[in-house]
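Report on one structure; see the data block that follows.
The values are calculated or read from the model by the stated rules, or taken from the named source; none is laboratory data. Just so you know, these numbers come straight off a predicted model, no measurement behind them. Ideal geometry is used to build each Cβ from the backbone, glycine not excepted, and the neighbour counts take in all protein chains shown.
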Amino acid sequence: MDGRTGRGMRAAPIFLGVLLSLATLSEAPAKEGTIALKLGGQYCNFYLDDVKKALMKVPGVSKVSFDKSGGTAIVTADPGKVTAGILIRTIRGVHGDSWSCDAEKAK
């Protein structure tokens, strides 16, 4: 406050409020999209927990679910960080001595 008008103390809360509003706008959540992947591979359908764990480690992935009747993985993710190619490579990395997983983008 400058002692003459008292304006200094009143302007500070308004300025702080504007700054907080701008900070909140810049941290708006990114829109998410879904990518459907047709799963394949020898015995992969028995190892869906392993597939889910691997996909959830991919930065930008927020949810993984499966349509077991269709053999499809549905991945919810930030489209700015995650592509179908990244997810397919991740799934192909899920395998064991006598089993493996494969994927392609569902049509």
Do we have Lys105 as among the charged types (D, E, K, R), surrounded by fewer than 12 Cβ atoms within 10 Å (Cβ to Cβ), modelled with pLDDT of 95 or more and on the phi < 0 side of the Ramachandran plot here?
-> no
Tabulated pairs, region 84-103, first in the same structural domain as Leu48 (by TED's automatic domain parsing), second among the small types (Gly, Ala, Ser) and part of a helix (DSSP H, G or I), C-beta under 6 angstrom, 6+ apart or interchain = Thr90/Ala54; Val94/Ala54
Scanning region 31-51 residue by residue, those in a strand (DSSP E or B) and either of a type in the set (A, V, I, L, M, F, W, C) or in contact with a strand residue (DSSP E or B) (Cβ under 6 Å, 6 or more places away or on another chain) (or both) turn out to be Thr34, Ile35, Ala36, Leu37, Lys38, Leu39, Gly40
Out of all the residues in region 66-85, which are within 13 Å of the chain's Cα centre (by Cα) and assigned to a strand (DSSP E or B)?
-> Ile74, Val75, Thr76, Ala77
